[in-house]
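The values are calculated or read from the model by the stated rules, or taken from the named source; none is laboratory data. Please read these numbers as outputs of a predicted model, since none were measured by experiment. Note that we place each Cβ from the backbone using ideal geometry, even for glycine, and neighbour counts take in every protein chain shown.
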Amino acid sequence: MILALLRYPALAPTVAELAADKQGSIPFFESIPGLIDKTWAMDEATGEGISVYHFDDRASADVWFMS
């Protein structure tokens, strides 16, 4: 298994708005081969966001991030 972390300067003004925004993209991420889980999070104090991708293996992650 492999984890990939992506940081962003800001994803949304609040965690509630981030959750509402990301709900619609769940079916898209469920269709990615080898992706076990994807989590979005943010620090409301700074606005910094992060996406955590959990893949079955490095090959699956490479296909996703290199395409």
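Quick notes on this one:
- Qualifying residue in the range 44-54 (condition: among the hydroxyl-bearing types (Ser, Thr, Tyr), surrounded by 15 or more Cβ atoms within 10 Å (Cβ to Cβ), in contact (Cβ under 8 Å) with a residue 12 or more places away in the chain and not in a helix (DSSP H, G or I)): yes
- Set side by side, the residues Leu18, Leu35 differ, and just one is surrounded by 14 or more Cβ atoms within 10 Å (Cβ to Cβ) and modelled with pLDDT of 90 or more, which is Leu35.
- Residues of the range 1-15 that are exposed (fewer than 14 other Cβ atoms within 10 Å of the Cβ), in contact with a strand residue (DSSP E or B) (Cβ under 7 Å, 6 or more places away or on another chain) and farther than 19 Å from Phe65 by Cβ: Ala10 alone.
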